[in-house]
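The values are calculated or read from the model by the stated rules, or taken from the named source; none is laboratory data. Remember, predicted model here, so these are calculated numbers, not experimental data. Glycine gets a Cβ as well: all are built from the backbone with ideal geometry, and neighbour counts include every protein chain shown.
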Amino acid sequence: MEASFLEAVKVSLLSITVIFTVLIILIFTIKLLVKMIPYVAPPAKVPHQQSTAQSSIGSQDEHIAAISSTLTMHLGKSPDEFRIVNISKL
Amino acid sequence: MEFSFSASATKIITSTGFSNLEAGGMLMLVVACVMLYLAIWKKFEPLLLLPIGFGCLLANLPMSMMANTDAGGLLNFFYQGVKHEILPPLIFLGVGALTDFGPLLANPTTLLLGAAAQVGVYITLIGAVMLGFNMLEASAIGIIGGADGPTSIFIASKLAPHLLAPIAVAAYSYMALVPLIQPPIMKLLTTEKERKIKMAQLQPISQTVKIVFPVVVTIVCCLMLPGVTPLLGMLMLGNLFRESGVTARLHETAQTHLINIVTILLALAVGSSMTAESFLRVETLKIIVLGLLAFSIATAGGVLFGKIMCKLTGGRVNPLIGSAGVSAVPMAARVSQKVGSEADSSNFLLMHAMGPNVAGVIGSAVAAGVFISLFGDMAVPEPHAALEGIIGTVEPGLTSAIAQVAGAMQP
């Protein structure tokens, strides 16, 4: 397909117009999306004392798990044969 | 069967590659070695130039059956992925999985910078026509200005497959040279005061928007330009893998293993098309010059539009981010950051430049879609099945096609 300078200029102008049109439509689409679905900041973190209590409960579970596994190995029993429900300081 | 030592020895000697090595082939072997040197020691886009260079080496070894046109050869099979437009969209799948569109969503007007950078494509198209290329060839050459390798290969394989090799090599070579080509143009077109402009922090974007965005873009753009669907659709699918949060394995595969495998196949296929017949032509030199023109004008177009946006927004947009509208992600954004920090070391433009940078990926895909809409039905048709086995791929142009058929018909 032979081409002339004038045809090339016409194709270029038409194509640039199409590209800008498509992308301007896309800009408005994105702006509409952002407006319809606004950003919501994530909830504030739990206060430190509550998290300390939660972590102490979590650490007791870990202690129970560690003691259970140690007893299992020492006694040669299956973990299902006994159950530790609580530990407390004497 | 009589065994003659001299006849057998002659047969062995004449069947070696050395006896079939021609000047053009030797020159292409040197070109391949130069590409390997640039990739390994100068680190010019090594992930692409190394396999392209090695593919070129393999294709130009005589009697190796490794050129893209050698039916039944290994690289001929790889080349089918290019010829049938399979590999470039798969690369875009990986690119989408790697891309964060957050900066673009936070400032969607930077899409205009991605559009403005495409002016390099069309100025180059006009230049190519003036240098004697037809409209299909000029379109394939012009798309180098989009600074997008897969898009360049996609369009070249569709509109001008005989120019695929020089176009691909020019596109990837200039992408590697972005840090050298862009800064002088950026400094020439902007003032010190403009380079020091600090932009406001980007607004945060909801994750839901990031999930809906790829679906909406696919529907909106592909309805307007159906020809862009393979590229843009795969880009957005990859991005959806990334943002949806429910396809972690697919995301990881797309951004690592898939893109690496497809890169190897694509680059080898492109390298296999760099035969002496297709590469050592005057058109190759013209394409290399036009490619540089395309990149330079794309950069200038983006920066000049950035200046317009700066004026219209009362100085809230730094024009340097306009140069990132070329699709070389994230190198072009890094260049904007570097030039901006040279003017003011406390100015951080990287995230602001990422918006136009990823917009350039969409812009170059849209530019490709426009070419397909305009010229897709005029592309070189597949040769008739009965002729394909005789003459292979028919080059465009009546004169060359007749010469090709006549040559194939000779005893």
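Just one of (1) within 20 Å of the chain's Cα centre (by Cα); (2) surrounded by fewer than 22 Cβ atoms within 10 Å (Cβ to Cβ) fails for B:Tyr122. It is (2). Given the structure, is B:Gly325 within 14 Å of chain A (Cβ to nearest Cβ), modelled with pLDDT of 95 or more and surrounded by 22 or more Cβ atoms within 10 Å (Cβ to Cβ)? In short, no. Condition (residue is in contact (Cβ under 8 Å) with a residue 12 or more places away in the chain, out of contact with any helix residue (DSSP H, G or I) (no Cβ under 7 Å at 6 or more places or on another chain) and at the interface with chain A (Cβ under 8 Å from one of its Cβ atoms)) applied to region B:136-152: is it met by at least one residue? No; the residues of region B:136-152 include none that is in contact (Cβ under 8 Å) with a residue 12 or more places away in the chain, out of contact with any helix residue (DSSP H, G or I) (no Cβ under 7 Å at 6 or more places or on another chain) and at the interface with chain A (Cβ under 8 Å from one of its Cβ atoms). From the list B:Gly96, B:Gly114, the lone residue that is surrounded by 21 or more Cβ atoms within 10 Å (Cβ to Cβ), under 30 Å from B:Ile308 (Cα atoms), more than 14 Å from chain A (Cβ to nearest Cβ) and in contact with a helix residue (DSSP H, G or I) (Cβ under 9 Å, 6 or more places away or on another chain) is B:Gly96.
Yes/no per residue for (1) in contact with a Leu (Cβ under 8 Å, 6 or more places away or on another chain); (2) modelled with pLDDT under 70; (3) within 14 Å of chain B (Cβ to nearest Cβ); (4) on the phi > 0 side of the Ramachandran plot:
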residue: A:Ile25; (1), (2), (3), (4): no, no, yes, no
residue: A:Phe28; (1), (2), (3), (4): no, no, yes, no
residue: A:Tyr39; (1), (2), (3), (4): no, no, yes, no
residue: A:Ala44; (1), (2), (3), (4): no, no, no, no
residue: A:Ala53; (1), (2), (3), (4): no, yes, no, no
residue: A:Ser69; (1), (2), (3), (4): no, no, no, no
residue: A:Lys89; (1), (2), (3), (4): no, yes, no, no
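B:Gly81 fulfils the conditions (1) within 16 Å of the chain's Cα centre (by Cα); (2) crowded, with 21+ Cβ neighbours inside 10 Å except for a single criterion, (2).
Rundown of residues vs (1) away from every other protein chain (no Cβ under 14 Å); (2) in contact (Cβ under 8 Å) with a residue 24 or more places away in the chain; (3) out of contact with any strand residue (DSSP E or B) (no Cβ under 8 Å at 6 or more places or on another chain), yes/no style:
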site: B:Pro179; (1), (2), (3): yes, yes, yes
site: B:Thr190; (1), (2), (3): yes, yes, yes
site: B:Lys193; (1), (2), (3): yes, no, yes
site: B:Gln207; (1), (2), (3): no, yes, yes
site: B:Ile219; (1), (2), (3): no, no, yes
site: B:Gly238; (1), (2), (3): yes, yes, yes
site: B:Thr253; (1), (2), (3): yes, no, yes
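Among the criteria (1) closer than 30 Å to B:Lys307 by Cα; (2) buried (at least 18 other Cβ atoms within 10 Å of the Cβ); (3) more than 13 Å from chain A (Cβ to nearest Cβ), the one B:Thr275 does not fulfil is (1).
Of all the criteria given as (1) crowded, with 17+ Cβ neighbours inside 10 Å; (2) under 24 Å from B:Ala156 (Cβ atoms); (3) not basic (Lys, Arg), the one not satisfied by B:Gly102 is (2). Taken over region B:128-142, the criterion of being of a type in the set (A, V, I, L, M) and touching a Phe, Trp or Tyr at 6+ places or on another chain (Cβ under 7 Å) is satisfied by B:Val129, B:Met130, B:Met135, B:Leu136, B:Ile141. Exactly one residue out of B:Val31, B:Val82 is more than 30 Å from B:Phe213 (Cβ to Cβ), of a type outside the set (Ser, Thr, Tyr) and part of a helix (DSSP H, G or I): that is B:Val31. In region B:116-132 there is no residue matching the filter, namely being closer than 17 Å to B:Leu266 by Cβ, of a type in the set (Phe, Trp, Tyr) and part of a helix (DSSP H, G or I).
Taking the listed residues B:Gly369, B:Gly363, the one that is crowded, with 22+ Cβ neighbours inside 10 Å, farther than 30 Å from B:Arg195 by Cβ, at pLDDT 90 or above and within 14 Å of another protein chain (Cβ to nearest Cβ) is B:Gly369, with no other qualifying.
Looking across region B:55-66, just one residue is within 20 Å of B:Ser157 (Cα to Cα) and surrounded by fewer than 24 Cβ atoms within 10 Å (Cβ to Cβ), and that is B:Met66.
Evaluate the following for B:Gly238: is it buried (at least 24 other Cβ atoms within 10 Å of the Cβ), over 27 Å from B:Val129 (Cβ atoms) and not aromatic (Phe, Trp, Tyr)? Judged against the criteria, B:Gly238 is a match.
Determine whether region B:307-328 contains at least one residue that is outside any helix (DSSP H, G or I), hydrophobic (A, V, I, L, M, F, W, C) and under 22 Å from the mean Cα position of the chain (by Cα).
Among the residues of region B:307-328, at least one is outside any helix (DSSP H, G or I), hydrophobic (A, V, I, L, M, F, W, C) and under 22 Å from the mean Cα position of the chain (by Cα), which makes the answer yes.
Only residues that are surrounded by 18 or more Cβ atoms within 10 Å (Cβ to Cβ), in contact with a Gly (Cβ under 9 Å, 6 or more places away or on another chain) and of a type outside the set (Lys, Arg) were counted in region B:195-208, giving 2.
Screening B:Thr284 against (1) farther than 24 Å from B:Ser364 by Cβ; (2) polar (S, T, N, Q); (3) surrounded by fewer than 20 Cβ atoms within 10 Å (Cβ to Cβ); (4) modelled with pLDDT under 95 leaves a single unmet condition, (1). Restricting attention to region B:234-285 and to residues that are closer than 23 Å to B:Ser206 by Cβ and in a loop (DSSP other than H, G, I, E, B), the residue that is nearest to the chain's Cα centre (by Cα) turns out to be B:Thr247. Within the option set B:Glu192, B:Glu137, being out of contact with any Gly (no Cβ under 7 Å at 6 or more places or on another chain), surrounded by 23 or more Cβ atoms within 10 Å (Cβ to Cβ) and acidic (Asp, Glu) holds for one residue only, B:Glu137.
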